Amino acid sequence: MPNVLDEGPGAHREDLLREAARFFGWAWLGADIREALTGDIGALIAAGDLVESEGGLMPAEGS
């Protein structure tokens with residue numbers, strides 16, 4: 001998911017979820033897909049690979 005964020009100034013979670021689904025060819029986000037992707041975002045934040053601010057999610061400096 002960080003590659004999607006590298007192309008812009010950041011993205012809000014909902015936008016990132018839609019873009020990730022589109023990347024994988026999914027037309028919509030079911031509850032199971034949303035839960036998995038939300039968990040992935042949380043893991044990337046916890047690992048320090050993503051930073052969340054008012055402007056949305058962005059790659060951490062140096063990632």
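Each value in this text was obtained by applying a stated rule to the coordinates, not by laboratory testing. Nothing here was measured: the structure is a model prediction, and the numbers come from that model. Note: ideal-geometry Cβ built from the backbone for every residue, glycine included; neighbour counts use all protein chains shown.
Close amide H partners of Leu57, meaning residues 5 or more places away or on another chain with modelled amide H under 5 Å apart, are Ala11, His12, Arg13. Taking Lys and Arg as +1 and Asp and Glu as -1, the other residues whose beta-carbon sits under 11 Å from that of His12 total -3.
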